[in-house]
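The values are calculated or read from the model by the stated rules, or taken from the named source; none is laboratory data. Everything quoted here is computed from the prediction, not taken from an experiment. As a convention, Cβ positions derive from the backbone with ideal geometry for all residues, glycine included, and neighbour counts pool all protein chains shown. Ligands, DNA and RNA are stripped out before the accessible areas are found, and what is left, the full protein with its side chains, is counted by its heavy atoms. Shrake-Rupley method; radii C 1.70, N 1.55, O 1.52, S 1.80 Å.
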Amino acid sequence: MALASLVALLHDDIMNDDVAARAEPVRPTQKPIRLIDEKGVPVEGAERAGFVLPEPEMLLDLYRGMVLARRFDVQVTALTRQGRLATYPSAFGQEACEIGAVRSLGEQDWLFPTYRDSIALLTRGVPPEQILSSFRGDWHMGFDPYEHRISPQATPLATQALHAVGLATAAKLKGDDVVALTLLGDGATSEGDAHEAFNFASVWQAPVVFVVQNNGYAISVPFAKQSHARTLADRAIGYGMPGYFVDGNDVAAMHAVTSAAVQNARSGGGPTLIEGLTYRIESHTNSDDPTRYRSKDEVAHWKTLDPVARLETYLRASGALGDELRQEIADAAEELAGATRDAMNTNPVLDPLELFDHVYAAERPALREQRAFLERELAATVSTASVSSGSVSTASVSAEPGSTS
Ligand SMILES: Cc1ncc(C[n+]2csc(CCOP(=O)(O)OP(=O)(O)O)c2C)c(N)n1
């Protein structure tokens, strides 16, 4: 066959009816989708983009989840400052993104989180001491991924998005009723892994939902220095999947949009990219000083958009949340904080060298070298620590998400 005919045939094959019939992907809205505004008032009209407020019971559940998550987050930040944990990336201010997204999953679905998403794990039922074990410096992840259907909290940016696409594609091939939801930061979308995940999720029509928490910064790098795109949700158009630009501090909107995306994935509609516009109120981790790269006014502005206060105002005004229930939820949050403190009140005996025990059945030379390197480092740390304080800190041997680059 002549080359020209072959090329023509291939062209016909590529431009088949299937491609021609593909629908225009949903285009992200100009303004972020909102259902409840920053004053706690329900939004009407175009800003809702056709989404409706979740039922009062669900809104109360989301409120409870956010109150518990915030109390946990504040407690863990305090414990980290006391030296009980080596590191903790706070999600203060991002509760609506995390809890709105996680609450849209069924028990059979999988979550692929990052280091910042501890409150998402908490909301899905992982006990505090299991969430915090790796942040204390233990070499293992602390919880059973199969029991909770949650992958390890990824520190290398965007790798978890590829894992989510892999699991979702496998589930689709096996005919399992499973959706994978992955949480990414805005900085993570600058990684090649995010591109590969978005692209192949769409090519394979994998049942996966990407939720990007755009909290304005990748450590100290502001969003404007990472992307010239209007929104990250706009990128979905290029990948041929629906994209939604959402007010990430409105848990009602986050839940409504993510639930629709999960439902769409479950019924064979393929992946969705959701961008929640939010803000990290705390520092990147306990080793970061955000005053060096953002202004007091900026932080103060975002505090006025607080996701927990917003839903509380709405629920109180609508009569769904009275004083008694509010107190009950506050008490449950205190109980959780107390249990978290108690669980962290011991110094675990950690042997960092155990890290090497379960990597290969037959240890390789490179690994032996790394073990020897760590042994030398530990010996140096022990001698410095015992000179200065007479004790060894577990903090000195743990990875820190912000310092891995
Ligand atoms: C592949 C990779 N490159 C660099 C880093 C170093 N690093 C740790 S956190 C971070 C910023 C991430 O920002 P973002 O994805 O927006 O998430 P956020 O911390 O704001 O939630 C960077 C660059 C890393 N962990 N992994």
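Take the chain and mark each of the chymotrypsin sites (Phe, Trp or Tyr not before Pro) that is in a DSSP loop with at most 15 other Cβ atoms within 10 Å; the longest unmarked stretch, sites excluded, is 1-292. Dipole orientation for the chain: of the candidates Ser295, Trp204, Thr272, Ser295 has the Cα lying most toward the positive pole (charges on Cβ; Lys, Arg +1; Asp, Glu -1). Full extension of the chain segment joining Val299 with Val74 gains 79.3 nm, where the gain is 0.36 nm per residue of separation less the Cα-Cα distance. Averaging the sequence gap over all C-alpha pairs within less than 8 Å and six or more residues apart, then dividing by the number of residues, gives the stretch 89-171 a relative contact order of 32 percent. Listed by chain and number, the aspartates and glutamates placed with their C-alpha closer than 20 angstrom to that of Lys172 are Asp18, Glu107, Asp109, Glu196; residues fewer than eight positions away on the same chain are left out. The lysines whose alpha-carbon is closer than 24 Å to the alpha-carbon of Lys296, local same-chain residues fewer than 8 away aside, are Lys39, Lys225. Oblate is the label for the stretch 286-352, because a/c, from the alpha-carbon gyration tensor with a ≥ b ≥ c as root eigenvalues, is 1.5 or above and a/b does not exceed b/c. Of the trypsin sites (Lys or Arg not before Pro) found in the stretch 27-58, the ones in coil according to DSSP and having at most 15 other Cβ atoms within 10 Å of their Cβ are Lys39. Relative contact order of the stretch 216-316: 28 percent, from C-alpha pairs under 8 Å at least 6 residues apart in sequence. Solvent-accessible area assigned to carbon and sulfur over the stretch 134-176 amounts to 59 percent, based on a 1.4 Å probe. Per residue, the solvent-accessible area of the stretch 316-365 (1.4 Å probe, heavy atoms of protein chains only, all protein chains present) comes to 68 Å². Within a straight-line Cα-Cα reach of under 15 Å, Lys303 can be paired with the following aspartates and glutamates, leaving aside sequence neighbours fewer than 8 residues apart in one chain: Asp37, Glu38, Glu95, Asp247, Asp250, Glu282, Glu312.
Comparing Cα centroids, the stretch 91-146 and the stretch 29-76 end up 20 angstrom apart.
What you get for the chain, charging only the Cβ of Lys and Arg (+1) and of Asp and Glu (-1), is a dipole of about 740 debye around the Cα centre.
Helix-only arithmetic for the chain: the sum of -39500 (n - 2.57) across DSSP H runs with n ≥ 4, divided by the residue total, places the mean residue ellipticity at 222 nm at -13500 deg cm²/dmol. Take every pair of alpha-carbon atoms less than 8 Å apart whose residues are at least six positions apart; their mean separation over the length of the chain yields a relative contact order of 24 percent.
Taking every DSSP beta bridge that has both ends in the chain, the antiparallel portion is near 10%.
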